[in-house]
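Accompanying notes for the structure given below.
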Amino acid sequence: MEFYVNPYDGVPVYLQIIQLVRNGVALGTLHPGDQLPTVRELAVKLAVNPNTVAKAYRDLEREGMVETVSGKGTFVREGRVGVETERLEHMLEMLVIEARNAGLTIDNLIERLEKRRRRSTKERDQGGSS
């Protein structure tokens, strides 16, 4: 997965990092067990203070999205349920509502999601993750 942030968009960088990880999991570019870059590696790559990356990783760990194994690194957690599942269910319901408002049927929405899934799988298979 490629990490990038925009220091000029008004959203704190640590929140952008959190959203990138969440999106990576949601889109299938990050999988349970995948290792994230080290704090130092990501800080250098993004040209940010290591404390910024560490804060993002701590918040992700608190959410249960990742786990840090001492001496080994930070990894996407297995089998996340509960609050995150509820949040995703809400997002799915909102997606269906927005799709209907845009004139799409559920079948149209499913077709678009399938296209996105195939694209994500292709990107992953081509080595699109960092």
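We did not get these values from a lab; they are worked out from the coordinates using the rules stated. Not measured: the values here are computed from a predicted model. All Cβ positions, glycine included, derive from the backbone under ideal geometry; neighbour counts span all protein chains shown.
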task = Can you tell me the order of 97-106, 15-24, 44-53 when each peptide is scored by its average per-residue count of other Cβ atoms within 10 angstrom, highest first?
result = 15-24, 44-53, 97-106
task = Could you work out how far helix 106-125 tilts from the main Cα principal axis of the chain, as a 0 to 90 degree angle to the nearest 10?
result = 30 degrees
task = Please report, to two decimal places, log10 I(q)/I(0) for the chain at q = 0.15, 0.21 Å⁻¹ as given by the Debye formula with identical point scatterers on the Cα atoms and no solvent.
result = -0.82, -1.30
query = How far, in degrees from 0 to 90, does helix 50-63 lean away from the longest principal axis of the Cα atoms of the chain, to the nearest 10?
reply = 50 degrees
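May I ask you to list the chymotrypsin sites (Phe, Trp or Tyr not before Pro) in segment 1-82 that are in a DSSP loop and have at most 16 other Cβ atoms within 10 Å of their Cβ? Show your work: numbers first, answer last.
On the way: sites: PHE3, TYR4, TYR8, TYR14, TYR57, PHE75; in loops: PHE3, TYR4, TYR8.
Here the chymotrypsin sites (Phe, Trp or Tyr not before Pro) that fit, given the DSSP loop and packing criteria, are TYR4, TYR8.
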